[in-house]
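Chemist: Here it is: the structure, laid out below.
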Amino acid sequence: MTEQQAFDHHSAEHAADPVCAYRAIRQGPGAVRTDAHGGYTVLTRYEDIAAAASDHSAFSSAFELPGDEGYGGGITLPRNPDSGRTSLAEMDPPEWRRYRRMLNPIFTRGAVSRFSPRIQAITDEAIDRFVTKGSCDLVLDLVSPVPAIVTLEVLGMDTSEWERYAVPLHTSVYIPRDVRTPAWQELQDGFRWIFQQIRDEIARRRAEPKEGDLLAAIMNADDPEGPLDDALVFETAYTIIAAGVETTTSLLSSALWHLDRFPQDRQRLLDDPSLLDGACEEFLRYYTPEQAGARTVAQHAEIGDESFERGERVLLAWSSANRDEAQFPDADRFVLDRRPNRHMSFGYGIHRCLGSHLARQEIKIVLGEVLRRLPDYAIDRERTELYPDLGLMYGYKHMPATFTPGERK
């Protein structure tokens, strides 16, 4: 039987040291049961999480289990009551196969490489806005705008109001889920605005079709089952925006924090930029941006000594798997050139992140430009603000920094 504990990945206690909290479970029972958020079991070991993530028939990602509206919940714990389904991430086969069949060719390494020049230009433009001042907020001025603008531009949507997308998406991962607060109502207003922008863009495309961007590819995808209807196009576009904006921002903020705190790693990258590819993978492992994902048990299953029955909720702690000593030697040490590095920061199994190649491009380009153009940046650690809730995402709200002023490109 799973050990019962008073565990809550959204609690202040957990946010104080999530690494230690997961380590205690991983090196102890491996899995614990909690009554928080309606009750769930958290899995912490790499092998167990891989087994659950690979068994989509038993551990469902679906927003609702087919044929039974009483079960389900999607990939977050607790579920955001107003978000609706995020396609692909909250689908199971056979529906999932149709989407992947259509979208896989769009997100191959070769296909997304064509976006590199624009990612470079967007990064340069962001740095140009503050480089002569000698100071900035690395989150608000760089690692928040770049992924938001890149994602919207790749889709073919207007980028002029990128902040109205980025702010709600960032806030949603750490704000208390209390519908009575003004902040929560403001957040919902922000999401309603995002949803309307996507729907309006789809309507414009139906009236005047466009070509050459990701949204056009989704709307015009050649599929044996026919084109996607507007509701499914909306779900897909929203999923791409939500996934593309928050996770990359969170990872970049952690990587910049690390290079400030550990100047020896920064110096190694300055001396040998060819190490950046491997360093990006270790940043992803060590500072896992998406901390965990939820599943709903669709049928009886066993993981190790644990048994699960239909309707139970399970939390797959990706960040704990990435610190599992059985998988990563010296797991709690950052090894800039670690090989191999089979981390789970993009998930595992059929739901492994579709946009991983695009995210890697953004991470590498942004970090490379910071090292080239702001090589001596120093973070004001006293004014830096980590997310207050680290249950879903590990990232920073603010990161003020100073550096030797440079020139615009």
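The values are calculated or read from the model by the stated rules, or taken from the named source; none is laboratory data. It should be emphasised that the depicted structure is a prediction, and the values quoted were computed from it without experimental measurement. Neighbour counts run over all protein chains shown; Cβ positions are idealised from the backbone, glycine included. In case anyone asks, the SASA skips ligands and DNA or RNA and just uses the protein heavy atoms, side chains included. Shrake-Rupley method; radii C 1.70, N 1.55, O 1.52, S 1.80 Å.
Chemist: Mind listing the long-range amide H neighbours of L386? Cut-off is under 5 Å, sequence gap 5 or more, other chains count too, H placed in the peptide plane at 1.01 Å from N.
Modeler: Those lying under 5 Å, H to H, from L386 are K397.
Chemist: For the stretch 153-302, build the charge dipole from Cβ charges (+1 Lys, Arg; -1 Asp, Glu) around the Cα centre, then report which of A216, S172, T247 sits farthest towards its positive end.
Modeler: Towards the positive end, the residue furthest out is S172.
Chemist: (1) 32, 28, 20; (2) 43, 21, 18; (3) 38, 22, 20: which one is semi-axes √(5λ) of the Cα gyration tensor in Å as calculated from this entry?
Modeler: From the options (1) 32, 28, 20; (2) 43, 21, 18; (3) 38, 22, 20, the structure gives (1).
Chemist: Another question, if that's okay. At a 1.4 Å probe radius, which order do T44, T76 fall into by accessible area, largest first?
Modeler: From most exposed to least exposed: T76, T44.
Chemist: A further question on this structure: Sort 186-199, 305-318 by packing, meaning the average of other beta carbons within 10 Å per residue, with the highest value first.
Modeler: 305-318, 186-199
Chemist: Obtain the nm distance between the two label points defined at N104 and E163 by a simple spin-label model: each point lies 7 Å from its Cα along the Cα-to-C-beta direction.
Modeler: Placing both labels 7 Å along Cα→Cβ, they lie 4.2 nm apart.
Chemist: Okay, moving on. Under the 0.36 nm per residue contour assumption, what length would be gained going from the current alpha-carbon distance of D337 and K133 to full extension?
Modeler: 70.1 nm
Chemist: Using the Cα centre of the chain as the reference point, and only Cβ charges (+1 on K/R, -1 on D/E), how large is the resulting charge dipole? Debye, rounded to the nearest 20.
Modeler: On the way: 46 positive and 65 negative charges, 165 e Å.
Computed about the Cα centre, the dipole is about 800 debye.
Chemist: Could you report the accessible area of D141 in Å², rounded to 10, computed with a 1.4 Å probe on the protein chains as they sit in the structure?
Modeler: It works out to around 60 Å².
Chemist: To continue, here is another question. Taking R0 as 41 Å, what FRET efficiency do you get between L275 and Q185 from their Cβ-Cβ distance, rounded to the nearest 0.05?
Modeler: Approximately 0.30, to the nearest 0.05.
Chemist: Mind listing the phi-derived Karplus ³J(HN,Hα) values for the stretch 321-338, rounded to whole Hz, using 6.51, -1.76 and 1.60 with θ = phi - 60°, and x for any glycine or proline?
Modeler: Working through the residues one at a time gives 4, 6, 10, 6, 5, 6, 9, 10, x, 6, 4, 8, 10, 6, 10, 4, 10, 4 Hz.
Chemist: Taking R0 as 30 Å, what FRET efficiency do you get between E47 and R118 from their Cβ-Cβ distance, rounded to the nearest 0.05?
Modeler: 0.15
Chemist: Further question on the same structure: Which order do you get for H37, H258 if you rank them by accessible area with a 1.4 Å probe, largest at the top?
Modeler: Ranking H37, H258 by accessible area, largest first, yields H37, H258.
Chemist: In deg cm²/dmol, rounded to 500, what helix-only [θ] at 222 nm does the chain give when every DSSP H run of at least 4 residues adds -39500 (n - 2.57) and the total is split over its residues?
Modeler: That calculation yields -13500 deg cm²/dmol at 222 nm.
Chemist: Farthest toward the dipole's positive end in the stretch 314-409, which of A331, Y377, G391, given Cβ charges of +1 (Lys, Arg) and -1 (Asp, Glu) about the Cα centre?
Modeler: Y377
Chemist: To the nearest 10 square angstrom, how much accessible area does T247 have with a 1.4 angstrom probe?
Modeler: That residue has around 40 Å² of solvent-accessible surface.
Chemist: I'd like the accessible area for K364: 1.4 Å probe, protein heavy atoms, all chains in place, Å² to the nearest 10.
Modeler: For K364, the solvent-accessible surface is approximately 90 Å².
Chemist: Still on this model: Calculate, in whole percent, how much of the Cα-Cα pair population of the stretch 1-147 lies beyond 25 Å. Could you put the intermediate results ahead of the total?
Modeler: Details: 5894 of 10731 pairs.
Of all Cα-Cα pairs in the stretch 1-147, 55 percent lie more than 25 Å apart.
Chemist: Right, next: Pick out the long, greasy-scoring helices in the chain: whole DSSP H runs spanning 30 Å or more along their own axis by Cα, mean Kyte-Doolittle at least 0.0. Please report the intermediate quantities before stating the final value.
Modeler: Numbers: long enough: 182-207 (38 Å, -1.00); 230-261 (47 Å, 0.56).
For the chain, where a helix must reach 30 Å along its axis and average at least 0.0, the hits are 230-261.
Chemist: Over all directions, average the projected area of the Cα convex hull of the stretch 288-403 and note it in nm². Provide the component values of the computation, followed by the final result.
Modeler: Working: hull surface 39.8 nm².
Averaged projected area of the stretch 288-403's Cα convex hull equals 10.0 nm².
Chemist: Measuring from centroid to centroid over Cα atoms, what is the spacing of the stretch 144-220 and the stretch 1-49 in Å?
Modeler: 33
Chemist: So how far apart, in nm, are the two label points at E302 and T402 if each is 7 Å from Cα heading toward Cβ?
Modeler: Computed distance between label sites E302 and T402 equals 6.3 nm.
Chemist: Leaving ligands, DNA and RNA out of it, report the carbon-plus-sulfur percent of the accessible area of the stretch 271-329 at a 1.4 Å probe. Kindly include the intermediate steps, with their values, before the conclusion.
Modeler: Numbers: 910 of 2040 Å².
That share works out to 45 percent.
Chemist: Leaving out ligands and nucleic acids, and using a 1.4 Å probe, what accessible area per residue does the chain come to in Å²?
Modeler: Numbers: 17580 Å² over 409 residues.
Spelled out: the 1.4 Å probe surface of the chain, per residue, equals 43 Å².
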